[in-house]
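Asker: Have a look at this one.
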Amino acid sequence: MKAMILAAGIGKRLRPFTANIPKPLFSVAGRSLLDIIIRNLQHAGCEAIIINTHHLYKKIDSFLSSHTYSIPVVTRYEPLLLGTGGAIKNVADFWDDHPFMVVNSDILTNIDFGDVYDFHLKHKYTATLVLHDYKKFNKVSISRENFISGFDDENIGYERKLAFTGIQVLDPNILDFIPDGLFSSIIDAYKKLIFSGRNPKAFIAQKHYWKDIGTPESYKEAVIDKLAPKAFKQAWQGFTFKNIKYDRIKGDGSDRRWYRITAEDDLFGKVYLKAHGKQREARLRALIMVDHGIRSQTATSEVDSFIAIGQHLYDKGVSIPRIYLHDNFSGLVFLEDLGDLKLRKLVRNTKDQQEVTLYYKTIIDLLIKMSTSGAEGFDISWTYQTPYYSKDLILEKECRYFVDAFLRGYLGMNYLFEDFKDEFELLAEKTLEFPVNGFMHRDMQSGNIMFKNNKFYIIDFQGGRIGPVQYDLASLLIDPYVDLPYELRAQLLDYCIKEISKFLKINEEQFRYCFRYCSLTRNLQILGAFGKLVRMSNKFYFEQYIPAAVKTLKYNLSALGDADFPRIKSVVNNATCAFSH
């Protein structure tokens, strides 16, 4: 048996993701669709494979040259698309006297190609099409004897309609029904067969898996179908799972999507527990799945950083959710479910101020652990934004962000970055004058701290880089979601200095100096983010926290000398007045 994989399509439904990566090279659980199909054909006894190419054909050639198969795999480039029928005719010199198989490159299935080929050999008809019941695509008319009698909306003597899987076996004489050198669909050839009375035969697949990955939604579903069961098995070894369900949960200020996926462990788990003398646990298990989006670039992306930094911190013993499984291309990551209780909610529900203080001291201990241990062996190539907290970052991502997204975008004030440029540059220089550098989370606020089983966990670490621990401490203490009393903020700063001195030799005055200016730069970033979220993303939930952030910025600016940052102080005072009316 020889086979052809149809891989010349431009992936229109998958744009913009197919702009740089051809659809056959989309990966599922770390393997490209093309590789999966080739190896399935190889396993079915295929002796040689030809692949038609067009869109980004050099990338497919490069992929094949980097892989080794036990059978010949070659490509045939089409300068102009020929369609499915034209592609088959275009490789007429590749076929021999035996029936051959043709498979679409955008399907993921466990249908046995060998069984389909054997089925074809046992009848005398020119074509076998693999069909199945898939309501969305049920357009192929089938007679009672499982002959194909029509396509699409035709109603010629059919008993029922099924869907074409993109898998077919053809006798060489099918080439007589395809024109030379023209664009044509193989469906046209099948219609000619039907007109001549030689209807194609249907192989009806049952109890199988099949997914068309031609759209971002169906591609993502295919990856989830493949990875979710494996993720549960990684998390709970000794169990198998059924009835996997997905529920969208509220995310954060980013564009990522979050899901809680649940599954029931089956009888095998009961046997395992009994054999090991353990009591039966709850049947329902849960994981969190975060969807970063399909990869659209070759450079390090957010999902790459999330995975690499997350695994690094976990290995260093930092209290973060464990990552069980991931797929960098699809952007899906499966991780430990830490529940729904975030620090901000925990603080609001706690009346005892001493208990709140204890929470924050525990978190500061965790912060110090993350900063010091996380810096050990940290590879800056893991970062997808910048490897260091730098002057350029402060100026662009905090100061300019504050002006463009908050002052101009949210408040409608007619200011430009250049109006404050000298003061912003001075602020950036002072911020970086005495840093205690380590691993820096950069968004260490109460929404990114979870509480489960009397233990705190840090989440959303993908923006990590090397930078001052004072910045993360500032993020924690000036957090507008909680708006801690100023006296408590000062007390917690003292506590951090005392505790970090046990690990590092620091100058207390310099530590406080850096913290003071990190508090300002972080505050600018917070307000810029709120302005963007409310005005550009219509996430009005965040608007309620803007007054607290403005109040803190004004308070910290007022603690500086009267001559420091006069223009920034002035505009912040104006912003404060806007909220007071």
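Asker: Scan V102, V74 and give me the residue that is in a strand (DSSP E or B) and either surrounded by 15 or more Cβ atoms within 10 Å (Cβ to Cβ) or not β-branched (V, I, T) (or both).
Answerer: Values: V74 fails: either surrounded by 15 or more Cβ atoms within 10 Å (Cβ to Cβ) or not β-branched (V, I, T) (or both).
After ruling out the rest, the residue left standing is V102.
Asker: What's the total number of residues in the stretch 423-445 that are of a type in the set (S, T, N, Q) and surrounded by fewer than 22 Cβ atoms within 10 Å (Cβ to Cβ)?
Answerer: 1
Asker: When you go through (1) crowded, with 21+ Cβ neighbours inside 10 Å; (2) more than 30 Å from the chain's Cα centre (by Cα); (3) more than 22 Å from A563 (Cβ to Cβ) one by one for N414, which number turns out not to apply?
Answerer: Status for N414: all satisfied but (1).
Table: residues versus (1) in contact with a Ser or Thr (Cβ under 6 Å, 6 or more places away or on another chain); (2) not in a helix (DSSP H, G or I).
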{"position": "L41", "(1), (2)": "no, no"}
{"position": "H55", "(1), (2)": "no, yes"}
{"position": "Y69", "(1), (2)": "no, yes"}
{"position": "T84", "(1), (2)": "yes, no"}
{"position": "A87", "(1), (2)": "no, no"}
{"position": "H98", "(1), (2)": "no, yes"}
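Asker: Looking only at the stretch 20-48, count every residue that is more than 22 Å from H326 (Cβ to Cβ) and touching a Pro at 6+ places or on another chain (Cβ under 7 Å) and tell me the total.
Answerer: 1
Asker: Then there's this: Suppose we keep only residues that are surrounded by 15 or more Cβ atoms within 10 Å (Cβ to Cβ) and assigned to a helix (DSSP H, G or I) within the stretch 556-575. Which one would you say is modelled with the lowest pLDDT?
Answerer: The selected residue is A575.
Asker: Does P16 count as buried (at least 24 other Cβ atoms within 10 Å of the Cβ), assigned by TED's automatic domain parsing to the domain that holds S65 and not aliphatic (A, V, I, L, M)? Spell out how you get there, then give the answer.
Answerer: Working: buried (at least 24 other Cβ atoms within 10 Å of the Cβ): no; assigned by TED's automatic domain parsing to the domain that holds S65: yes; not aliphatic (A, V, I, L, M): yes.
Against the criterion (buried (at least 24 other Cβ atoms within 10 Å of the Cβ), assigned by TED's automatic domain parsing to the domain that holds S65 and not aliphatic (A, V, I, L, M)), P16 does not qualify.
Asker: Something else: Suppose we filter L313, L325 for residues that are in a helix (DSSP H, G or I), buried (at least 19 other Cβ atoms within 10 Å of the Cβ) and not assigned by TED's automatic domain parsing to the domain that holds L432; which single one remains? So that I can check it myself, show each step before the final result.
Answerer: Details: L325 fails: in a helix (DSSP H, G or I).
L313 is the lone residue from the list that is in a helix (DSSP H, G or I), buried (at least 19 other Cβ atoms within 10 Å of the Cβ) and not assigned by TED's automatic domain parsing to the domain that holds L432.
Asker: Something else: Is there any pair linking a residue in the stretch 295-307 that is hydroxyl-bearing (S, T, Y) to one that is in a helix (DSSP H, G or I), with Cβ under 8 Å and at least six apart or on different chains, and which?
Answerer: Every condition considered, the pairs that remain are S296/F17; S296/A19; T300/S381; T300/W382; S305/W382.
Asker: Still on this structure: So, in the stretch 496-508, exactly how many residues are touching a residue at least 12 places away in the same chain (Cβ under 8 Å), over 11 Å from D365 (Cβ atoms) and under 40 Å from the mean Cα position of the chain (by Cα)? Break it down stepwise before answering.
Answerer: As a first pass, look at the stretch 496-508 and keep what is touching a residue at least 12 places away in the same chain (Cβ under 8 Å): 496-497, 499-500, 503-504, 506-507.
Imposing the further condition that a residue be over 11 Å from D365 (Cβ atoms) reduces the set to 497, 504, 506-507.
Now restrict to residues that are under 40 Å from the mean Cα position of the chain (by Cα): 497, 504, 506.
Adding up the residues that qualify gives 3.
Asker: Hey, another quick one. Please determine whether any residue of the stretch 433-454 is assigned to a helix (DSSP H, G or I), farther than 22 Å from K369 by Cα and in contact with a helix residue (DSSP H, G or I) (Cβ under 7 Å, 6 or more places away or on another chain). Explain how you work it out, then say what you get.
Answerer: Of the residues in the stretch 433-454, the ones assigned to a helix (DSSP H, G or I) are 446-448.
Retained after the next criterion (residues that are farther than 22 Å from K369 by Cα): none.
So far as the stretch 433-454 goes, no, none of its residues is assigned to a helix (DSSP H, G or I), farther than 22 Å from K369 by Cα and in contact with a helix residue (DSSP H, G or I) (Cβ under 7 Å, 6 or more places away or on another chain).
Asker: Going residue by residue through the stretch 509-516, is there one that turns out to be more than 22 Å from E396 (Cβ to Cβ), assigned to a helix (DSSP H, G or I), free of Cβ contacts under 8 Å to residues at least 40 places away in the same chain and among the hydroxyl-bearing types (S, T, Y)?
Answerer: No, every residue in the stretch 509-516 fails to be more than 22 Å from E396 (Cβ to Cβ), assigned to a helix (DSSP H, G or I), free of Cβ contacts under 8 Å to residues at least 40 places away in the same chain and among the hydroxyl-bearing types (S, T, Y).
Asker: I've got another one for you. So for the stretch 531-542 (the condition being surrounded by fewer than 14 Cβ atoms within 10 Å (Cβ to Cβ), within 23 Å of L343 (Cα to Cα) and modelled with pLDDT under 95), does at least one residue qualify?
Answerer: Initial filter on the stretch 531-542 (surrounded by fewer than 14 Cβ atoms within 10 Å (Cβ to Cβ)): 536-538, 540-541.
From the residues that got through so far, the ones that are within 23 Å of L343 (Cα to Cα) too are 540-541.
With modelled with pLDDT under 95 added as a condition, the list becomes 540-541.
Looking through the stretch 531-542, at least one residue is surrounded by fewer than 14 Cβ atoms within 10 Å (Cβ to Cβ), within 23 Å of L343 (Cα to Cα) and modelled with pLDDT under 95.
Asker: Quick one: is F63 of a type in the set (A, V, I, L, M, F, W, C), surrounded by fewer than 19 Cβ atoms within 10 Å (Cβ to Cβ) and under 25 Å from the mean Cα position of the chain (by Cα)?
Answerer: Answer is yes for this residue.
Asker: Additional query: Which condition number does P485 fail, the rest of (1) under 33 Å from the mean Cα position of the chain (by Cα); (2) farther than 21 Å from M440 by Cα being met?
Answerer: (1)
Asker: Give the stretch 216-241 a look and list any residue that's among the basic types (K, R) and farther than 14 Å from G331 by Cβ, or say none. Break it down stepwise before answering.
Answerer: If we filter the stretch 216-241 for residues that are among the basic types (K, R), which is where we start, we get 220, 226, 230, 233.
Matches in the stretch 216-241: K226, K230, K233.
Asker: Additional query: Take the conditions farther than 26 Å from R257 by Cα, outside the structural domain of P16 (by TED's automatic domain parsing) and crowded, with 19+ Cβ neighbours inside 10 Å and apply them to Y384. Does it pass?
Answerer: Values: farther than 26 Å from R257 by Cα: no; outside the structural domain of P16 (by TED's automatic domain parsing): yes; crowded, with 19+ Cβ neighbours inside 10 Å: yes.
Judged against the criteria, Y384 is not a match.
Asker: Next up: Specify the residue that is surrounded by the most Cβ atoms within 10 Å (Cβ to Cβ); the eligible residues are those in the stretch 371-381 that are of a type outside the set (S, T, Y) and closer than 13 Å to K316 by Cα. Quick ask: steps written out before the conclusion?
Answerer: Start the filter on the stretch 371-381 by keeping residues that are of a type outside the set (S, T, Y), which leaves 374-380.
When the remaining residues are screened for being closer than 13 Å to K316 by Cα, the result is 374-378.
On the way: G374: 24, A375: 16, E376: 10, G377: 9, F378: 21.
So, considering only residues that are of a type outside the set (S, T, Y) and closer than 13 Å to K316 by Cα, the one surrounded by the most Cβ atoms within 10 Å (Cβ to Cβ) is G374.
Asker: Could you grab me the full set of residues in the stretch 330-365 that are touching a Leu at 6+ places or on another chain (Cβ under 9 Å), outside any helix (DSSP H, G or I) and surrounded by 21 or more Cβ atoms within 10 Å (Cβ to Cβ)?
Answerer: Of everything in the stretch 330-365, those that are touching a Leu at 6+ places or on another chain (Cβ under 9 Å), outside any helix (DSSP H, G or I) and surrounded by 21 or more Cβ atoms within 10 Å (Cβ to Cβ) turn out to be S330, L332, V333, F334, L335.
Asker: State yes or no: is I49 without any contact (Cβ under 8 Å) to a residue 60 or more places away in the chain, buried (at least 19 other Cβ atoms within 10 Å of the Cβ), in a strand (DSSP E or B) and not charged (D, E, K, R)?
Answerer: Details: without any contact (Cβ under 8 Å) to a residue 60 or more places away in the chain: yes; buried (at least 19 other Cβ atoms within 10 Å of the Cβ): yes; in a strand (DSSP E or B): yes; not charged (D, E, K, R): yes.
Against the criterion (without any contact (Cβ under 8 Å) to a residue 60 or more places away in the chain, buried (at least 19 other Cβ atoms within 10 Å of the Cβ), in a strand (DSSP E or B) and not charged (D, E, K, R)), I49 qualifies.
The values are calculated or read from the model by the stated rules, or taken from the named source; none is laboratory data. In this text, all values refer to a predicted model and were calculated from it rather than measured experimentally. Glycine also receives a Cβ, built like all others from the backbone with ideal geometry; neighbour counts cover every protein chain displayed.
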